[in-house]
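Participant: Before I ask anything, let me first share the structure, which is written out below as C-alpha cells.
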Amino acid sequence: MPHVLVELQGLQECVPGPMKDAHGHEIKDHNGSAKTDSCGNLEVRTKAGSMNSEEYRKTVDDLVNFLTYVGEPGAEKRKRTGVYVFLFLGVLLVFTWLLNREYWKDVH
C-alpha cells in the first residue's frame, strides 16, 4: 500500500543501527550489549519531505485525533453520561443498604 503522506515525511531509507523488537526496545545479546543490524533504523536521507520529523509527528497526531472524533462524535457525551449513571447508582446503593439494614434488623 502506498504511503500517502510521503511528500510530508520524506522517503525513508535503512541505516545501520541497533536491532529493535516490536515494541521499539533494543535487543541485547547474552553479554548485555546491543545487537546491530544493517537495517536497524529508518531515516530520511535522499528525498526530504516538506516537514521535519517533529512537525510530521504533530500532523499525524492531529490527523489521528480528528479521525477518532469523526469515528464516534458522541463519545464525550457518552462518557459524561456514564459518570452521572455511576453517581446515581452510588446514591441508590446507600439507600438500598439502609433499607436492607432496616428490614433485617428484626430478623436476627
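What follows is calculated from the coordinates using simple rules that are stated; it is not laboratory data. Bear in mind the structure is a predicted one, so any value in this text is a computation, not a measurement. Neighbour counts are summed over all protein chains in view; Cβ atoms, including those assigned to glycine, are modelled from backbone coordinates with ideal geometry.
Participant: Can you tell me the 0 to 90 degree angle between the C-alpha axis of helix 75-104 and the longest principal axis of the chain, rounded to 10?
Facilitator: Tilt relative to the chain: about 30 degrees.
Participant: Also, quick follow-up: Determine the equivalent ellipsoid of segment 67-108 by diagonalising the alpha-carbon gyration tensor, then write out the semi-axes as square roots of 5 times the eigenvalues, largest first, rounded to whole Å. Present the calculation step by step, with values, prior to reporting the outcome.
Facilitator: Numbers: eigenvalues 327, 9, 4 Å².
So the equivalent ellipsoid measures 40, 7, 4 Å along its semi-axes.
Participant: With labels modelled as points extended 7 Å from the Cα through the Cβ direction, what inter-label distance (nm, one decimal) is found for Arg80 paired with Glu102?
Facilitator: 3.5
Participant: Using a cut-off of 12 Å between alpha-carbon atoms, which aspartates and glutamates can reach Lys35, once sequence neighbours fewer than 8 places away in the same chain are excluded?
Facilitator: Those aspartates and glutamates meeting the cut-off are Asp21, Glu26.
Participant: For segment 49-63 and segment 93-108, what is the separation of their Cα centres, given in Å?
Facilitator: 60
Participant: Against the longest alpha carbon principal axis of the chain, how many degrees, from 0 to 90 and to the nearest 10, is the axis of helix 53-71 turned?
Facilitator: Here the helix axis deviates by roughly 40 degrees.
Participant: Along the Cα→Cβ direction, 7 angstrom out, place labels at Phe95 and Val15. What is the inter-label distance in nm?
Facilitator: Taking the two extended label points, one gets 6.6 nm.
Participant: Could you calculate the contour length gain from Asp37 to Glu55, that is, 0.36 nm times the residue separation minus the distance between their Cα atoms, to one decimal place in nm?
Facilitator: So the chain would gain 3.6 nm between Asp37 and Glu55.
Participant: Here's a follow-up. Using a Gaussian network model of the chain with C-alpha springs under 10 Å, which one of Leu87, Leu42, Leu67 is most mobile by mean-square fluctuation?
Facilitator: Fluctuation is largest for Leu87.
Participant: In square nanometres, what is one fourth of the surface area of the convex hull spanned by the alpha carbons of segment 1-71? Mind showing how you got there, number by number?
Facilitator: Working: hull surface 26.6 nm².
Mean projected area of the Cα convex hull: 6.6 nm².
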